[in-house]
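K.L.:
First the structure, then my questions, so here it is.
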Amino acid sequence: MRNIMLSKDKSIFLKLLNIIILAMFFLALGLILLIKNNVLHLYLILLIIMIFFFIAGTIYLLGLLALIISITKNGTIPRFLIPIFEKSIKFIYPIMIMFSSILKIHKDPIRRFFSEINNKIVVLKSDKINSEDILIVTPHCLQKSSCKHKVTGDIDNCKRCGACDVDRLLRLCTSYNVKLEVVTGGTLARKVIKDYNPKGIIAVACERDLSHGILDVKGIPVIGIKNERPEGPCRNTCVDIREVEKAIKHYLRR
Ligand code: SF4
């Protein structure tokens, strides 16, 4: 099921990227034809610069497309290209979100695929990390809505009753000696990260918060895991504990 969803996300992401590449190409072509047919005399130099810009942009995006296909197909890209690829994907993502708004395309598949590519980059580039330097950040909607205990700010307030995934995450964190924080939003997440200063982050959130978080955190690898929302957004959400464990194991190199 997850694989089907991922290949759907990939296809939407790649289609949108192709639309942007085609738009760049046709803009360059259109300008060339206008100049060739002497329709535009003024601003000739400016137009030539723009043509170069669009052609260079098209080539750059085609290279990016090839790297995306390579990383999703083989799980790897040449090591020396990783920093450029990471910067490029973080640069193009907001443009794709803007395009998806204009074209009225649902944004969640784009966000999910962006987070998936980010995870692959983290797997390729991050070093081995000690367990005490790993921080898991989860949203407070993971907590059972009827629970009276305030776990944001102090996870030890959880009574481990087993009614929600906070308990299961705590078990996992105890067994790996990893820190867990439940946060109410981006501001608290930023504060927790600043205070704790981890070397590796595992973020659990919805597509939108996950992509914002990945773009927001600078200099620390973030593995993003999408939460499940069986009761709709922001209420009694849950997370695949195996995915979280996989991410911990990746950082620990186990
Ligand atoms: S596991 Fe913890 S957070 Fe979840 S309902 Fe029980 S006491 Fe509350």
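K.L.:
Has segment 14-24 got any residue that is in the same structural domain as residue 119 (by TED's automatic domain parsing), in a loop (DSSP other than H, G, I, E, B) and at pLDDT below 85? Steps first, please.
P.N.:
To start, the set of residues in segment 14-24 that are in the same structural domain as residue 119 (by TED's automatic domain parsing) comprises 14-24.
Narrowing the set further to residues that are in a loop (DSSP other than H, G, I, E, B) leaves none.
The answer is no, given that none of the residues of segment 14-24 is in the same structural domain as residue 119 (by TED's automatic domain parsing), in a loop (DSSP other than H, G, I, E, B) and at pLDDT below 85.
K.L.:
Okay, moving on. Determine which single condition residue 199 fails, assuming it passes every other condition in (1) charged (D, E, K, R); (2) over 19 Å from residue 228 (Cα atoms); (3) away from the ligand (no atom under 16 Å from the Cβ); (4) modelled with pLDDT under 95.
P.N.:
(4)
K.L.:
Every residue in segment 239-254 that is surrounded by fewer than 17 Cβ atoms within 10 Å (Cβ to Cβ) and within 18 Å of residue 108 (Cα to Cα), please.
P.N.:
none
K.L.:
Is it true that residue 201 is surrounded by 14 or more Cβ atoms within 10 Å (Cβ to Cβ), in contact with a His (Cβ under 9 Å, 6 or more places away or on another chain) and β-branched (Val, Ile, Thr)?
P.N.:
Against the criterion (surrounded by 14 or more Cβ atoms within 10 Å (Cβ to Cβ), in contact with a His (Cβ under 9 Å, 6 or more places away or on another chain) and β-branched (Val, Ile, Thr)), residue 201 does not qualify.
K.L.:
Go through segment 185-198 and count every residue that is buried (at least 18 other Cβ atoms within 10 Å of the Cβ) and touching a residue at least 60 places away in the same chain (Cβ under 8 Å). Even if it seems obvious, please write down each step before you answer.
P.N.:
The first filter runs over segment 185-198 and keeps only residues buried (at least 18 other Cβ atoms within 10 Å of the Cβ), leaving 189, 192-193, 198.
With the extra rule that they be touching a residue at least 60 places away in the same chain (Cβ under 8 Å), the set shrinks to 198.
So the count comes out to 1.
K.L.:
Another question, then. Residues that are among the hydrophobic types (A, V, I, L, M, F, W, C), in contact with a Cys (Cβ under 8 Å, 6 or more places away or on another chain) and not assigned by TED's automatic domain parsing to the domain that holds residue 96: does segment 172-194 have at least one? Break it down into steps so the answer makes sense when it comes.
P.N.:
Applying the first criterion (among the hydrophobic types (A, V, I, L, M, F, W, C)) to segment 172-194 yields 172-173, 178, 180, 182-183, 188-189, 192-193.
Adding the requirement that they be in contact with a Cys (Cβ under 8 Å, 6 or more places away or on another chain) leaves 180.
With the extra rule that they be not assigned by TED's automatic domain parsing to the domain that holds residue 96, the set shrinks to 180.
Yes, segment 172-194 contains at least one residue that is among the hydrophobic types (A, V, I, L, M, F, W, C), in contact with a Cys (Cβ under 8 Å, 6 or more places away or on another chain) and not assigned by TED's automatic domain parsing to the domain that holds residue 96.
K.L.:
Related question: Suppose the filter is at pLDDT below 95, surrounded by fewer than 21 Cβ atoms within 10 Å (Cβ to Cβ) and assigned by TED's automatic domain parsing to the domain that holds residue 237; does residue 75 pass it? Quick ask: steps written out before the conclusion?
P.N.:
On the way: at pLDDT below 95: yes; surrounded by fewer than 21 Cβ atoms within 10 Å (Cβ to Cβ): yes; assigned by TED's automatic domain parsing to the domain that holds residue 237: no.
Answer is no for this residue.
K.L.:
Moving to a separate point now. Given the options 84, 110, 95, name the one that is surrounded by fewer than 17 Cβ atoms within 10 Å (Cβ to Cβ), assigned by TED's automatic domain parsing to the domain that holds residue 22 and either modelled with pLDDT of 95 or more or under 19 Å from residue 222 (Cα atoms) (or both).
P.N.:
The conditions single out 84.
K.L.:
I've got another one for you. Can you tell me how many residues within segment 151-190 are more than 21 Å from residue 206 (Cα to Cα), within 13 Å of the ligand (Cβ to nearest atom) and either among the charged types (D, E, K, R) or in a loop (DSSP other than H, G, I, E, B) (or both)?
P.N.:
8
K.L.:
Somewhere in segment 216-231, is a residue touching a helix residue (DSSP H, G or I) at 6+ places or on another chain (Cβ under 6 Å), of a type outside the set (Val, Ile, Thr) and surrounded by fewer than 21 Cβ atoms within 10 Å (Cβ to Cβ)?
P.N.:
Checking segment 216-231: not a single residue is touching a helix residue (DSSP H, G or I) at 6+ places or on another chain (Cβ under 6 Å), of a type outside the set (Val, Ile, Thr) and surrounded by fewer than 21 Cβ atoms within 10 Å (Cβ to Cβ).
K.L.:
From the residues in segment 129-150 that are of a type in the set (A, V, I, L, M) and closer than 24 Å to residue 254 by Cα, which one is farthest from the ligand (Cβ to nearest atom)?
P.N.:
Result: 129.
K.L.:
Tell me which residues, restricted to segment 207-237, are small (Gly, Ala, Ser) and either assigned to a strand (DSSP E or B) or within 20 Å of residue 129 (Cβ to Cβ) (or both).
P.N.:
213, 219, 224, listed by residue number.
K.L.:
Taking only segment 194-206 into account, find how many residues are outside any strand (DSSP E or B) and within 16 Å of residue 140 (Cβ to Cβ).
P.N.:
1
The values are calculated or read from the model by the stated rules, or taken from the named source; none is laboratory data. Keep in mind the model is a prediction, meaning the values are calculated, not measured. Note that each Cβ is placed from the backbone with ideal geometry, even for glycine, and that neighbours are counted across all protein chains shown.
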